[in-house]
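A short write-up of the structure that comes next.
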Amino acid sequence: MRKKILITGFEPFGQDTVNASWEAVSRLEDRIGGNEVTKLLIPTVFGTAAEKVLEAARELQPDAIVCVGQAGGRTMVTPEVVAINLRDASIEDNAGRKPWDEPVAPGGPAAYFASIPVRKIVDEVKKAGISCGLSYSAGAYVCNDLFYALRHHYEGSGTGVGFIHVPCLAEPGDDKRPGMPLETIVHALSLAVETL
Ligand code: PCA
């Protein structure tokens, strides 16, 4: 069955001038394995990121939402298993906010599991020879905030919600900062979308 997939990437944040997530998401095809792909750039801002995605989703009515973020230091593509109800920022977001020890959704459950097939995605991406593995923590910054807010919103509905962290872009000759080539990240995300 042809599915409508909404996939998002973030604006650069912190010290960075590019964000691997949007660089890769923006290069995805509009049709992947029969699925219809809508791409959305979102701000790295607590709360606002989820509002933007929900606004787009109200219009599109997607079957699944896959959010993608950059995880500095990681060397693998990592579908996230769990979102937690916590904001603990170690740096300011792009609106200058740095929440600490706050819930994403007051009164909400402590955590939600992803509602996209994360294990199947890992298998398919690894089969293509790309370094990929499950992650059991999306952190407590804007990525987790968005993942939790969307899972909370769509709990009990038919809309799948998942989050995939990707490494920084590999800069030629830079072996100090772990990264992955852009084409490899694009390939991994295409396979993930195909799996849905
Ligand atoms: N990564 C951050 C937020 C935006 C992004 O690309 C995170 O992991 O929370």
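The values are calculated or read from the model by the stated rules, or taken from the named source; none is laboratory data. Worth saying up front: this structure is predicted, and the values here are computed from it rather than measured. Positions of Cβ are backbone-derived with ideal geometry, glycine not excepted, and every protein chain shown enters the neighbour counts.
For the reader, a short list of remarks on this structure follows.
- Hey, Val186 closer than 23 Å to Val45 by Cβ, in contact with a helix residue (DSSP H, G or I) (Cβ under 9 Å, 6 or more places away or on another chain) and buried (at least 16 other Cβ atoms within 10 Å of the Cβ) or not: no
- Hits in the stretch 117-144 (condition: out of contact with any Asp or Glu (no Cβ under 9 Å at 6 or more places or on another chain) and not small (Gly, Ala, Ser)): Pro117, Arg119, Lys120, Ile121, Val122, Asp123, Val125, Lys126, Lys127, Ile130
- Selection within the stretch 162-182 - touching a helix residue (DSSP H, G or I) at 6+ places or on another chain (Cβ under 9 Å) and free of Cβ contacts under 8 Å to residues at least 24 places away in the same chain: Ala170
- Among residues of the stretch 1-17, those that are farther than 20 Å from Ala89 by Cα and either within 12 Å of the ligand (Cβ to nearest atom) or of a type in the set (Val, Ile, Thr) (or both), counted: 3
- Verdict on Ala57 being more than 21 Å from Gly108 (Cα to Cα), surrounded by 17 or more Cβ atoms within 10 Å (Cβ to Cβ) and away from the ligand (no atom under 13 Å from the Cβ): yes
- Failed criterion for Ser26 (all others in (1) within 14 Å of the ligand (Cβ to nearest atom); (2) surrounded by fewer than 19 Cβ atoms within 10 Å (Cβ to Cβ); (3) more than 19 Å from Pro79 (Cα to Cα) hold): (3)
- Matching residues in the stretch 18-37 - criterion: being closer than 12 Å to Arg2 by Cβ and in contact with a strand residue (DSSP E or B) (Cβ under 9 Å, 6 or more places away or on another chain): Arg31, Ile32, Asn35, Glu36, Val37
- Residues satisfying the stated conditions in the stretch 42-82, i.e. under 11 Å from the mean Cα position of the chain (by Cα) and modelled with pLDDT under 95: none
- Residues located in the stretch 1-23, provided they are surrounded by fewer than 16 Cβ atoms within 10 Å (Cβ to Cβ), within 20 Å of Gly162 (Cβ to Cβ) and of a type outside the set (D, E, K, R): Met1
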